[in-house]
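Data block below; observations after.
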Amino acid sequence: MDDLLTRTHAAVWHPCTQMKQLEAAPPLAIARGEGAWLIDTDGRRYLDAISSWWVNLFGHCNPRINAAIVDQLGKIEHVMLAGATHAPVVELSERLAKLTGLGHAFYGSDGASATEIALKMSAHYWRNDGKPGKHGFVSLQNGYHGETVGALSVTDIPLFKSTYAPLLRHTAQVPTPDARLAAPGESAEDWALRCAAALEAHLAEHADTTAALILEPLVQGAAGMAMYHPVYLQRARDLCDRYGVHLIADEIAVGFGRTGTLFACEQAGIKPDFICLSKGITGGYLPLSAVLTTDTVYAAFYGDETARGFLHSHSYTGNPLACRAALAVLDIFEQDGVIAANRGRSVDFTTVLSDVAAHPRVRHFRCLGMIWAFDVADAPADFSPRFHRAALAQGAFIRPIGDTVYVMPPYVVTRDEMTWLSVCLLSALDQSLAA
Ligand SMILES: Cc1ncc(COP(=O)(O)O)c(C=O)c1O
C-alpha cells in the first residue's frame, strides 16, 4: 500500500486535487471491488456511497457486465467509427433512440465531450438553417456541464471556472430554480415559475443570438445536489419552442435511473432537442458518452456538401467494449425491473436515513430517486475534508460538496448497508462538527 501511494504521488496527477494535500490525506489504494464496496490493498473495505463520481449503477465487478465485455473482447476491441460500423454501436443506438424518443446517436468518451458535441451541433444546426448569428448559449446559475474549455464556458462553478476565465467563451446564466432558494413561505413550484419568468425575459431579449439553453434536469449535481420542481423544465421547453432556441438536457449525472425515472426529463413529460448521456451509461465500467437529437436536427446536416455535415470526432467514438457494457446495463434495467424496484428502495432508504434527517445541524434533507442530500448548518470551513476523513475511518467513501453531504450509492446497495451507512453518517457528522 505505502509503495503504491509513494508511486502515485510521484507519477500520477490526480483529478480535481491540489496534489500537495495528498501528503496529509493520501488517496485510497484500491485493489478490487465487490458490489457496492471498494477494497484496498490492505483488505480494508469502503462502501462506495457516491458510486465513484456517480457512475456505478450495479456494483463493482458485476458478473453480467463483466461477461459482456469478455465476450466482446474475443470479437473486436475497437475499430474507428468513421468508415466502419459494428453491431454493439448499432444496437445501442437503436435502443437509446427507443428509450429517449430521439433519433441518431453521436458518441464521445466522457461527459464533457458530450457537452461539447451538443453545443457544437446546436450552433452548427442554426448555421445550416441560415441563422449563423445564433451561436450563444444560456445555462443555469450553479450549473455544471464538464471542464473542457467549451463545457466550462456553460458551467457556473467559480472554483472550477474563474482561473480559466480568459480562455472561455462568454455565456449567459439565468437564475437557478434550486428549491432551497425559494423565499420564506414560497413553494418550490412558485420559485421555479419565478425563475422561468427570468428565463423568458432573457430569451425575449437574446433569442436571435442564442443557439441553446443547456441545463441539468431536476438535480444540479455539482451545485450540491440542488433539486428543483419539474414545472421549470415544462416552462423551459415551452419557452425554447416559442423563442426558437434548442433545449439541451444534460442527463450525464441524472440519466439511467438516478432520479427515479430512466431519464429525469420524463418527470416533466418533456422531450429535449438534445440529450447528453454518460456516467451510468456503462454502469461505471468504461468511458462512453452519447448525444441524441431530433430528426429535424439530423436532417439539417444531411446533404451533398461535406462541411454541412458534423465533422466532429474522437478516436474512441463508439468503442465496441464500452457499447457492450452499455447494452448489458440496459439488459439489467429491463430484466430486473430496476426502475420499479428503485421506487421502493427510495422510499425505504429515506426512512432508514430519518435519524440523519432529524440531526439538529441538518438542513434541507432531500431525496429524489437514488440521491439523498442535506446541508450542514454552521459547518466549519474545513467541513468537507473533515467529514470525508471521519466517514473513511469508519469505512464509507463520501466526498461532501462544501457543506452539502450527499449519498448516491450503486443501486445494488442493500437495506442493511444503508442502515450501517446511516449510523456512519451520524457519527461522521458529530466528529466533523466537534470543536
Ligand atoms: C451534469 C454533468 N455534466 C457533465 C459532466 C462532465 O462529465 P465528465 O466528468 O465525464 O467529463 C458531469 C460530471 O460530473 C456532470 O455531472
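The values are calculated or read from the model by the stated rules, or taken from the named source; none is laboratory data. A quick note: this is a predicted structure, and the numbers were derived from the prediction, not measured. As a convention, Cβ positions derive from the backbone with ideal geometry for all residues, glycine included, and neighbour counts pool all protein chains shown. Ligands, DNA and RNA are excluded from the accessible area calculation, which covers all protein heavy atoms including side chains. Shrake-Rupley method; radii C 1.70, N 1.55, O 1.52, S 1.80 Å.
Highest mobility in the GNM of the chain, judged by mean-square fluctuation with C-alpha springs under 10 Å and restricted to 269, 284, 136, is found for 269. All Cα-Cα separations within the range 323-410 were binned at 10 Å from zero, giving a P(r) of 15, 38, 28, 16, 3, each value a whole percent of the pairs. What the pair-distance distribution of the range 1-129 shows, using all Cα-Cα distances binned every 5 Å from zero, is 2, 7, 10, 13, 17, 15, 13, 10, 8, 4, 1, 0 percent.
Ranked by solvent-accessible area (1.4 Å probe, protein heavy atoms only, all chains present), the residues 310, 256 order from largest to smallest as 310, 256.
Here the translational diffusion coefficient of the range 141-181 follows from Stokes-Einstein with Rh set to the Kirkwood radius across Cα pairs; for 10 °C and 1.306 mPa s it amounts to 150 µm²/s.
Here's the list of aspartates and glutamates a cross-link from residue 271 could span, going by alpha-carbon distance under 13 Å and ignoring same-chain residues fewer than 8 apart: 238, 241, 250, 251, 295. When shorter helices are ignored and each DSSP H run of at least 4 residues is given -39500 (n - 2.57), the per-residue value for the chain at 222 nm works out to -12000 deg cm²/dmol.
Cross-linked pairs 98/131; 98/120; 98/161; 75/120: Cα-Cα separations exceed 29 Å for 98/131; 98/161; 75/120. Given a 1.4 Å probe and the protein chains as shown, residue 265 ends up with an accessible area of around 10 Å².
What longest range of the chain stays clear of loop-exposed GluC sites (Glu not before Pro) (DSSP non-H/G/I/E/B, at most 11 other C-beta within 10 angstrom)? Counting at most 11 other Cβ atoms within 10 Å as exposed, the longest clean stretch of the chain is 78-304.
Mind checking which of 170, 60, 124 has the largest fluctuation in a GNM of the chain, springs on alpha carbons under 10 Å? Comparing 170, 60, 124 in a Gaussian network model of the chain, the most mobile one is 170. Evaluating kT/(6 pi eta Rh) at 4 °C and 1.567 mPa s, with the Kirkwood radius of the range 208-306 over Cα pairs in the Stokes-Einstein relation, gives 90 µm² s⁻¹.
When the chain is treated as a GNM with alpha-carbon contacts under 10 Å, the residue of 67, 188, 24 showing the greatest mean-square fluctuation is 24. From Cα pairs below 8 angstrom and at least 6 apart in sequence, can you work out the relative contact order of the range 141-238, rounded to a whole percent? Dividing the mean separation by the residue count of the range 141-238 yields 30 percent.
When Rg and the Kirkwood radius Rh are both evaluated on Cα atoms of the chain, their ratio Rg/Rh stands at 0.96. If the segment from residue 24 to residue 435 were pulled out straight at 0.36 nm per residue, it would be longer than the present Cα-Cα gap by 146.0 nm.
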